[in-house]
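Okay, structure first, notes after.
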Amino acid sequence: MPVTIQIPAALRAFANGQTEVSAEGATAGEVIAAFAEAYPDIGTHLYDETGALRSFINVYVGDANIKNLDGLDTPVKDGDSVMLVPAIAGGAPGSAWA
Amino acid sequence: MISLPDEAELAIRAEGERAYPDECCGALLGGFDGESGKIVKAILPIGNSSETAERFHRFTIGPGDFMRAEREAKARNMDLIGFYHSHPDHPAEPSDYDLEHALPFYSYVIVAVEQGAASGLTSWEMSADRARFLRESQNQGQNLEAPPRTPQGDQSP
């Protein structure tokens with residue numbers, strides 16, 4: 001049984017409206033890459049220009065953020081749930097009122 | 001288009017003034033209408049999780065608060081449809097930093113706070129190619145539902 005990826009609402013439009021999909025891989029990084037390969041329009045929102053996962057995209061394997069495990073090398077096993085959770089960030093570029 | 005009730009707009013302005021000179025932030029809960037677009041039915045203030053020294057020009061809603069906002073929306077039969085934040089002493093226009101950290105689909109409401117007083121308020125949605133923010137037209141919509149709880153800033157890693 002493959003790994004299930006939970007897709008945040010903001011990205012479902014790029015995955016045919018699905019809330020979750022199945023993907024194969026031995027690590028969190030591999031299953032996310034497989035997901036992005038299956039749905040190419042989603043890749044630009046997950047990866048930056050260098051090919052690195054965008055800093056505000058958090059990946060949970062079960063209840064654990066992979067930042068506290070082995071990052072994208074965190075192993076996954078059949079039946080695991082991988083959740084993509086964005087952190088929302090932003091702000092003004094400076095303090096000078098235009 | 002986004003329907004933002006007067007009550008929601010006033011609440012966001014008040015949040016911006018309360019947080020000044022730091023940035024405030026929170027979630028927009030509501031739904032969708034085929035003709036009207038997004039409809040804000042409640043706002044959910046969220047503590048700014050950015051480093052204290054950075055809050056004058058940065059806000060962060062961490063993954064824990066994001067998941068809590070989604071659960072809150074689901075519990076109230078709503079959707080998480082966007083976010084708001086303030087720009088202290090800066091116009092209500094998205095910054096490059098906003099664009100770099102945005103996702104499509106969501107509405108991003110920005111309120112300018114000039115010397116402690118809220119002024120311009122705008123709403124934006126990122127283009128699907130991540131190239132720019134597109135300004136959303138706003139109307140006043142319906143009254144808000146009862147205000148939600150105010151969670152603390154994200155403590156998740």
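The values are calculated or read from the model by the stated rules, or taken from the named source; none is laboratory data. Computed from a prediction, not measured in an experiment: that's the story for all the values here. Neighbour counts are summed over all protein chains in view; Cβ atoms, including those assigned to glycine, are modelled from backbone coordinates with ideal geometry. Remember, those area values only see protein heavy atoms, side chains included, never the ligands or the DNA or RNA. Shrake-Rupley method; radii C 1.70, N 1.55, O 1.52, S 1.80 Å.
Listing for the model above:
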quantity: Criterion: of a type in the set (Gly, Ala, Ser) and over 14 Å from the mean Cα position of the chain (by Cα) - qualifying residue of B:Gly82, B:Gly31; calculated: B:Gly31
quantity: Count of residues meeting criterion [open to solvent by less than 60 Å² (accessible area, probe 1.4 Å), farther than 16 Å from B:Leu28 by Cβ and either in contact (Cβ under 8 Å) with a residue 40 or more places away in the chain or within 16 Å of the chain's Cα centre (by Cα) (or both)] in the stretch B:125-140; calculated: 0
quantity: Any hit, the stretch A:32-44, residues being out of contact with any strand residue (DSSP E or B) (no Cβ under 8 Å at 6 or more places or on another chain), away from chain B (no Cβ under 13 Å) and acidic (Asp, Glu); calculated: yes
quantity: Hey, A:Leu11 touching a residue at least 40 places away in the same chain (Cβ under 8 Å), within 13 Å of chain B (Cβ to nearest Cβ), not in a loop (DSSP other than H, G, I, E, B) and not acidic (Asp, Glu) or not; calculated: yes
quantity: Tally of residues being outside any loop (DSSP other than H, G, I, E, B), in contact with a Lys or Arg (Cβ under 9 Å, 6 or more places away or on another chain) and either within 14 Å of chain A (Cβ to nearest Cβ) or among the charged types (D, E, K, R) (or both) across the stretch B:1-26; calculated: 1
quantity: Residue list for the stretch B:30-47, filter: within 13 Å of chain A (Cβ to nearest Cβ) and either basic (Lys, Arg) or out of contact with any Gly (no Cβ under 6 Å at 6 or more places or on another chain) (or both); calculated: B:Gly30, B:Gly31, B:Phe32, B:Lys38
quantity: Condition met for B:Arg135 (among the basic types (Lys, Arg) and within 9 Å of chain A (Cβ to nearest Cβ)); calculated: no
quantity: Among the residues listed as B:Thr122, B:Thr52, B:Thr150, the single one being modelled with pLDDT under 90 and more than 9 Å from chain A (Cβ to nearest Cβ); calculated: B:Thr150
quantity: Failed condition for B:Thr52, given (1) open to solvent by less than 20 Å² (accessible area, probe 1.4 Å); (2) free of Cβ contacts under 8 Å to residues at least 24 places away in the same chain; (3) among the β-branched types (Val, Ile, Thr); calculated: (1)
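For every residue, the table says whether it meets (1) at pLDDT 95 or above; (2) open to solvent by less than 20 Å² (accessible area, probe 1.4 Å); (3) within 27 Å of B:Leu29 (Cβ to Cβ).
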| site | (1), (2), (3) |
| --- | --- |
| A:Gln6 | no, no, yes |
| A:Leu11 | no, yes, yes |
| A:Gly17 | no, no, yes |
| A:Val21 | yes, yes, yes |
| A:Ala36 | yes, yes, no |
| A:Ser55 | no, no, yes |
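Yes/no per residue for (1) at negative phi; (2) of a type in the set (Val, Ile, Thr):
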site	(1), (2)
A:Thr27	yes, yes
A:Ala34	yes, no
A:Gly71	no, no
A:Val76	yes, yes
